[in-house]
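Chemist: Structure in structure tokens, see below.
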Amino acid sequence: MSILDSKIPAGPLADKWKNHKDHMNLVAPNNRDKIDIIVVGTGLAGGSAAATLAEQGYNVKAFCYQDSPRRAHSIAAQGGINAAKNYQGDGDSTYRLFYDTIKGGDYRAREANVYRLAEVSANIIDQCVAQGVPFGREYGGQLDNRSFGGVQVKRTFYAKGQTGQQLLLGAYSALSRQIGKGRVKMYNRHEMMELVIVDGKARGIIARNLVTGEIEKHSAHAVVIASGGYGNVYFLSTNAMGSNVSAAWKIHKKGAFFANPCYVQIHPTCIPVHGTQQSKLTLMSESLRNSGRIWVPKKLEDAQAIREGKLRPENIKEEDRDYYLERRYPAFGNLVPRDVASRAAKERCDAGFGIENNDTQEGVYLDFSTEIMKKGREAAIEKNIHNPSDKQIYDLGKAWVEEKYGNLFQMYEKITADDPYKTPMKIYPAVHYTMGGVWVDYNLMSTIPGCFVIGEANFSDHGANRLGASALMQGLADGYFVLPYTIADYLSADIRTGAIPTDSAEFDAAEKEIQDKVNFFINNNGTHSVDYFHKKLGHIMWNKVGMGRTPEGLKEAIKEIEEVRNDFWKNVKVPGETNGMNPELEKAFRVADFLELGQLMAKDALERNESCGGHFREDHATPEGEAERDDANYKYVAAWEYKGGDINAEVLHKEELVYENIEVKTRSYK
């Protein structure tokens, strides 16, 4: 029997969350100022949680490694946020959002958590509108919606192509208000280095001041980890350069189980890699798939001519273009889920139809010409322009597209020097998001009492593949509407505890461990930079634990990562001093954690002998090349327990997934 207790409430699915809230313990308002809470990370999940908990009266310490919470990676989200409002009257509902999310995740997520997410989604929009988030609106003033992949309704609210930025500014304004009131103590440019456990409970953290280098001890009655995902284990990803797994990995090594690490989202619409010295990839929003059509040439000779610069894509006739998503998945077309679209692009490029002139010849087109002309004709009719010229139609259509996606087109042109209004965008899949993360129960608490994990840092809501525009939804749902209830249930037993002292043996031991490691890195007389090892790790991960995985490749990856890891500890060179700013020292700690995580990801992928969502095993595919699940043997959450420095010794615990309200069947988007 599994030792994992997910604490899913009994009763009908639609009543679970309401009944659970009705029967949880509370902390009275006059007792909340006796309670201290640490929040690590101030993106959408952490920022909203810190602001809400402080507004309720708790004492909050918030930590971010950036110079301001406004610089959290949530700011980079472009396309939108999902909510079951049904403003379009096209059949959306709480149940349909729940169903689409479960199906999109390839039936590898918890029913109860996903239904709660769908249930509170509508509240998020009301909250954000009240904060002044400038969502896009229709002509009559109503909030507008887009479609995203894997759905057949319009439920995505957006603020042009900068939705994450606007939502983060809303959360930051709420957080700033609490900072101004003294209820939140904000620690910018501080990185969590270790979790401190006292008498079996999370009671604080060790943090490093990234400006002065000082190691600090901070105590609290509960610790909330909201530090985002681990996509940078691949070195090249759409994540911010500083995004890392360290906070989540530190608590894993202290006893928090790490769930489904092999579930990684490869986003289909990113600007292709342009060279071996590149250190960052750029996402082009999934919202562009509303209006763009994805294609490659039908003829191999045309693809080769494009790569050689002898042929322009706009000169290829319509009948010589392969709109492969529309061909393979007519019901959803270009709006299939991300994992499906990414594998389809890889299949075309592997077959020789890639259009990008880079080392791998990997790239496909995202073309807006059809939408520009279609919207131009509609606008001409609205404006009573009879017999408009092609130029008039083009100009009107371009104006419509510019209003919807202007900043995205501008960003693309600045990076590539191509005008996407005239020349199709070049795109290719890249690492974007991680569905795996720290295992949490229904209350968002890890296997360490008092250590809660929210947002992308936990595993809980997206199964094996996240639908577009659902990351912002989960982050704000956890921070605004779930954690403030569930953490109170835990903290209700701490109103008589008093302040947690930092002069205990546990804090001293944790502080010494970090100081010793700092000294090791600075004094290790190595020969290679941190990036040297990070790139080697990323190369192994992308080629063997990336879009297509094989048992042989995964076994090789486990062995090769271990070799890189051993070499890292012998030969890494960290310049600079301990006292003061030292970005290389920051990276050394983060890459040390990535090396351990990468090995566990490969182990998890090898253990899961099926294909599901973002985890695609080439030895478990249908004849058509689609993912082939094994529900009889793998319908579970894989939660790994740390057992010391040998990652191969980690112990697997299984949380069986039970579906009582939805029929488990093979995903089809055809």
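The values are calculated or read from the model by the stated rules, or taken from the named source; none is laboratory data. Everything numeric here is computed off the predicted structure, so don't read it as measured data. Cβ atoms come from the backbone with ideal geometry, glycine included; neighbour counts cover every protein chain shown. Calculation scope for accessible area: heavy atoms of the full protein, side chains included, ligands and nucleic acids excluded. Shrake-Rupley method; radii C 1.70, N 1.55, O 1.52, S 1.80 Å.
Chemist: Of all residues in segment 5-45, count the ones that are within 20 Å of L117 (Cβ to Cβ), in contact (Cβ under 8 Å) with a residue 24 or more places away in the chain and either basic (K, R) or assigned to a loop (DSSP other than H, G, I, E, B) (or both).
Modeler: The number of residues fulfilling the criteria is 9.
Chemist: Moving on to the next point. Name the single residue that is farthest from G164 (Cα to Cα) among those in segment 58-92 being under 14 Å from the mean Cα position of the chain (by Cα) and assigned to a loop (DSSP other than H, G, I, E, B).
Modeler: This residue is A72.
Chemist: What's the number of the only condition in (1) in a loop (DSSP other than H, G, I, E, B); (2) open to solvent by 10 Å² or more (accessible area, probe 1.4 Å) that R108 fails to meet?
Modeler: With respect to (1) in a loop (DSSP other than H, G, I, E, B); (2) open to solvent by 10 Å² or more (accessible area, probe 1.4 Å), R108 is out only on (2).
This table checks each residue for (1) within 30 Å of S219 (Cβ to Cβ); (2) of a type outside the set (A, V, I, L, M).
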| site | (1), (2) |
| --- | --- |
| D5 | yes, yes |
| I38 | yes, no |
| S48 | yes, yes |
| L53 | yes, no |
| H73 | yes, yes |
| K103 | no, yes |
| A118 | no, no |
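Chemist: List the pairs whose first member sits in segment 583-603 and is on the phi < 0 side of the Ramachandran plot and among the charged types (D, E, K, R), whose second member is at pLDDT 95 or above and open to solvent by less than 10 Å² (accessible area, probe 1.4 Å), and whose Cβ atoms are under 6 Å apart, counting only residues at least 6 apart or on separate chains?
Modeler: E584/V530; E584/V574; K587/V530; R590/S246; D593/V245; D593/S246; D593/W249; E596/I647
Chemist: Just checking: which of the helices (runs of 4 or more DSSP H) contained wholly in segment 240-337 hold 1 or more residues that are modelled with pLDDT of 95 or more and more than 30 Å from I205 (Cα to Cα)?
Modeler: 300-307, 324-328
Chemist: Could you please find all residues in segment 505-528 being crowded, with 17+ Cβ neighbours inside 10 Å and outside any helix (DSSP H, G or I)?
Modeler: G526
Chemist: Which of the residues that make up segment 360-374 are open to solvent by 30 Å² or more (accessible area, probe 1.4 Å) and either within 32 Å of the chain's Cα centre (by Cα) or more than 18 Å from I294 (Cα to Cα) (or both)?
Modeler: Listed by number, the residues that qualify are T360, Q361, E362, S369, T370.
Chemist: Being out of contact with any strand residue (DSSP E or B) (no Cβ under 6 Å at 6 or more places or on another chain) and of a type in the set (A, V, I, L, M, F, W, C) is the filter; apply it to segment 4-25 and report the residue that is most open to solvent (accessible area, probe 1.4 Å).
Modeler: Taking the candidates together, the pick is A10.
Chemist: Which of the residues belonging to segment 314-359 are free of Cβ contacts under 8 Å to residues at least 24 places away in the same chain and over 27 Å from the mean Cα position of the chain (by Cα)?
Modeler: N315, I316, K317, E318, E319, D320, R327, A351, listed by residue number.
Chemist: Scan segment 97-105 and give yes if some residue there is among the aromatic types (F, W, Y) and surrounded by fewer than 21 Cβ atoms within 10 Å (Cβ to Cβ), otherwise no.
Modeler: Checking segment 97-105: at least one residue is among the aromatic types (F, W, Y) and surrounded by fewer than 21 Cβ atoms within 10 Å (Cβ to Cβ).
Chemist: Of all residues in segment 569-611, how many are assigned to a loop (DSSP other than H, G, I, E, B) and under 21 Å from the mean Cα position of the chain (by Cα)?
Modeler: Of the residues in that region, 1 qualify.
Chemist: Working carefully through the options V151, V120, find the one that is open to solvent by less than 20 Å² (accessible area, probe 1.4 Å) and either under 17 Å from W17 (Cβ atoms) or among the basic types (K, R) (or both).
Modeler: Values: V151 fails: either under 17 Å from W17 (Cβ atoms) or among the basic types (K, R) (or both).
The unique qualifying residue is V120.
Chemist: Does Y485 count as open to solvent by 10 Å² or more (accessible area, probe 1.4 Å), in a helix (DSSP H, G or I) and at pLDDT 95 or above?
Modeler: Answer is yes for this residue.
Chemist: Which of (1) within 14 Å of Y428 (Cα to Cα); (2) of a type in the set (S, T, Y); (3) open to solvent by 50 Å² or more (accessible area, probe 1.4 Å) does T282 not meet, given it meets every other one?
Modeler: Only one criterion is unmet by T282, namely (3).
Chemist: Kindly indicate whether any position in segment 458-471 is at pLDDT 95 or above, of a type in the set (K, R), surrounded by 24 or more Cβ atoms within 10 Å (Cβ to Cβ) and not in a strand (DSSP E or B).
Modeler: For segment 458-471, residues at pLDDT 95 or above, of a type in the set (K, R), surrounded by 24 or more Cβ atoms within 10 Å (Cβ to Cβ) and not in a strand (DSSP E or B): present.
Chemist: May I ask you to list the residues in segment 46-57 that are more than 25 Å from K160 (Cα to Cα) and in a helix (DSSP H, G or I)?
Modeler: Listed by number, the residues that qualify are A49, A50, A51, T52, L53, A54, E55, Q56.
Chemist: Additional query: Failed condition for N384, given (1) on the phi < 0 side of the Ramachandran plot; (2) out of contact with any Lys or Arg (no Cβ under 8 Å at 6 or more places or on another chain), with all others met?
Modeler: Checking N384 against (1) on the phi < 0 side of the Ramachandran plot; (2) out of contact with any Lys or Arg (no Cβ under 8 Å at 6 or more places or on another chain), the one that fails is (1).
Chemist: Could you list, ordered by first residue, the pairs with Cβ atoms under 6 Å in which the first is in segment 165-176 and at pLDDT 95 or above and the second is open to solvent by 40 Å² or more (accessible area, probe 1.4 Å) and of a type in the set (A, V, I, L, M), at least 6 apart or interchain?
Modeler: Correct list of pairs: Q165/I75; L168/I75.
Chemist: Shifting gears a bit: Being of a type in the set (A, V, I, L, M), under 20 Å from the mean Cα position of the chain (by Cα) and open to solvent by less than 10 Å² (accessible area, probe 1.4 Å) is the filter here, so list the residues in segment 421-455 that pass it.
Modeler: I427, A430, V431, M435, V438, V440, L444, V453, I454
Chemist: Just to be sure I understand, how many residues within segment 319-344 are within 18 Å of G614 (Cα to Cα), among the charged types (D, E, K, R) and open to solvent by less than 20 Å² (accessible area, probe 1.4 Å)?
Modeler: Adding up the residues that qualify gives 2.
Chemist: Hey, another quick one. State yes or no: is A62 modelled with pLDDT of 95 or more, open to solvent by 60 Å² or more (accessible area, probe 1.4 Å) and either in contact with a helix residue (DSSP H, G or I) (Cβ under 9 Å, 6 or more places away or on another chain) or at positive phi (or both)?
Modeler: no
Chemist: Write out, first by first residue and then by second, each pair whose Cβ atoms fall under 8 Å of each other, whose residues are 6+ apart or on separate chains, and whose first residue, in segment 471-492, is β-branched (V, I, T) while the second is in a helix (DSSP H, G or I).
Modeler: Sorted first by the residue in segment 471-492, then by its partner, the pairs are V482/R116; V482/V120; I487/L53.
Chemist: Filtering segment 385-420 down to residues that are part of a loop (DSSP other than H, G, I, E, B) and aliphatic (A, V, I, L, M), which residue is most open to solvent (accessible area, probe 1.4 Å)? Break it down stepwise before answering.
Modeler: Going residue by residue through segment 385-420, those that are part of a loop (DSSP other than H, G, I, E, B) are 385-389, 417-420.
Filter once more, keeping what is aliphatic (A, V, I, L, M): 385, 417.
On the way: I385: 52, A417: 85 Å².
So the residue we want is A417.
Chemist: Give me the residue from segment 345-359 that is among the acidic types (D, E) and more than 14 Å from K426 (Cα to Cα) and, out of that set, surrounded by the fewest Cβ atoms within 10 Å (Cβ to Cβ).
Modeler: Here the answer is D359.
Chemist: Considering only residues that are among the aromatic types (F, W, Y) and either closer than 19 Å to G546 by Cα or open to solvent by 10 Å² or more (accessible area, probe 1.4 Å) (or both), which ones fall in segment 559-614?
Modeler: Here is the first cut: in segment 559-614, the residues among the aromatic types (F, W, Y) are 568-569, 589, 594.
Those that are among the aromatic types (F, W, Y) and either closer than 19 Å to G546 by Cα or open to solvent by 10 Å² or more (accessible area, probe 1.4 Å) (or both): W569, F589, F594.
Chemist: Right, here's the next one. Among residues belonging to segment 521-553 that are in contact (Cβ under 8 Å) with a residue 12 or more places away in the chain and among the small types (G, A, S), point out the one that is farthest from F568 (Cα to Cα).
Modeler: Taking the candidates together, the pick is G548.
Chemist: So, in segment 99-129, exactly how many residues are in contact (Cβ under 8 Å) with a residue 60 or more places away in the chain and either of a type in the set (A, V, I, L, M) or farther than 22 Å from T52 by Cβ (or both)?
Modeler: 18
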